[in-house]
Every structure is written in structure tokens, then in C-alpha cells.
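Below is one structure, written out as C-alpha cells; the observations come after it.
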Amino acid sequence: CPASVAFAADGSRTSILGYSEQLCGQKVFGAEDFWYSGNLIPLSHPGLKAETRARIQKMVTVLTREYGLKGLNGIDFLLLPQGQILFLEINPRYCASMELYWLAYGIDIFQLHLEGSLGTLPSENFLANEKRQDKKYWGKAIVYAREDIRTGDTSGWFEQGVRDIPSDGQYLPQGSPLCSVFARASSRADCFTQLYRQQAYVLSRVIPVHTKM
């Protein structure tokens, strides 16, 4: 299971925001193999047990102290059977999954980044509050163009929860990222379904280039 951990750091100490499932190569959203396709939080993989979390926390702390990480950071990893972990890369920056924690926790992520860079970590235990929202699962998906397209009128997309919106009449070749869609639900399956429905809204409002506008 491709996954990531998001955390704030002050150069020696860390505060984990949470763990997310990383969506990769999701053909239902127009992605090819290994393309980044979005994230789901919380990570509900059965292998993410207490001892696995402890190993991730240790690795986060070791890397923070070794490289003096500050502000917001992320680490991508593979969660293997029996809770084994294969760490892939460190992202010493704001990561794509972090806006989901912003939505789920109702916190200012950029403020956390600034405070961590200045040596202050949040006092709140985010992991203890993963279930405090009435809607447990939060998701983000990148929608890719399945063919060469032009967008139509995108003025209503924002109100529908779409982000990273292209301009009206913008040309996008096949394989280009079109936008980001978001959803929240009480289960992982329902969250994924809502993301798919958001995509359907977007795709119904783009125009293949061989069609007159």
C-alpha cells in the first residue's frame, strides 16, 4: 500500500499530523501507471498497527535530527504485509496530502509550517483527534485529461468543491492534470465514490478539441 506520513518539525522534535493512503496510477481518474492520483485520510490499512506507527515515528525523529528538518515535511513509504515498511523518500516541504489535514482538522497548515520553522511545535496531539470529525474519511483525487480537450465555462467549479481549476477555454492535451476534486464520507469506499462523482461533474463540462465550441 503506497502511503505517506505528514509531520511538523523544529530541527530535532516532531509532531505527526497523520498518515494517508497515496493513490497512484488510478486509471479511473485518467492516470497512467505510477502517476500521483491523490490521497485518502486516515490511512486505514490493517497493517498500520501500534508497532508500525512506532517504527514510523522513530524514522521521522531520526531523519529530522539527522537533516535538521523544520516546518512541514512528508515521507513516502510502502506499507507491506505484516506491517513491514519500505521508506521511499523525504519531502522537506509542504506536501500534496496536507490540505486534507487542513480540511479535516480545521487548522492553518501554513501557520504550522511557519511555527515549526521558528522552533515551535503544536501542543495538540493530532493523532488522538483523527476521528473528531463527523465525516471520518477525507479524499483528494487528481483528474487527468483522457483526450485533448478545451475547458468550457469553469466559473461554477469552485462552488462544487473543485480546486486547481483551469481557465475558461484552456487547451489541455491528453494526460495533462485537469483539476483536483475533494470529498468526505463516513467510509473509505463512499469517499472514493464521491471523488468519482466529482470527476464526472468536471468531465461533463469539458469539450474534446475536435468538437466546435
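The values are calculated or read from the model by the stated rules, or taken from the named source; none is laboratory data. All of these numbers come straight from a predicted model, not from anything done at the bench. Heads up, the Cβs are rebuilt from the backbone with ideal geometry, glycines too, and the neighbour counts pull from every protein chain shown. Accessible surface areas use protein heavy atoms only, side chains included; no ligands, DNA or RNA. Shrake-Rupley method; radii C 1.70, N 1.55, O 1.52, S 1.80 Å.
Quick notes on this one:
Results for (1) farther than 30 Å from residue 147 by Cα; (2) small (Gly, Ala, Ser), shown as yes or no for each residue.
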{"position": "25", "(1), (2)": "no, yes"}
{"position": "36", "(1), (2)": "no, no"}
{"position": "56", "(1), (2)": "yes, no"}
{"position": "87", "(1), (2)": "yes, no"}
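- Residue within region 200-208 that is of a type in the set (Gly, Ala, Ser), farther than 29 Å from residue 105 by Cα and without any contact (Cβ under 8 Å) to a residue 24 or more places away in the chain present: yes
- A search for C-beta distances below 7 Å between a residue of region 171-185 that is within 15 Å of residue 144 (Cβ to Cβ) and any residue that is polar (S, T, N, Q), counting only pairs 6+ apart in sequence or on different chains, returns 181/198; 181/199.
- Qualifying position, being open to solvent by 20 Å² or more (accessible area, probe 1.4 Å), hydroxyl-bearing (Ser, Thr, Tyr) and either within 16 Å of residue 103 (Cβ to Cβ) or at pLDDT 95 or above (or both), among 180, 186, 167, 155: 186
- Unmet requirement for residue 65, which otherwise passes all of (1) under 18 Å from the mean Cα position of the chain (by Cα); (2) over 16 Å from residue 4 (Cβ atoms): (1)
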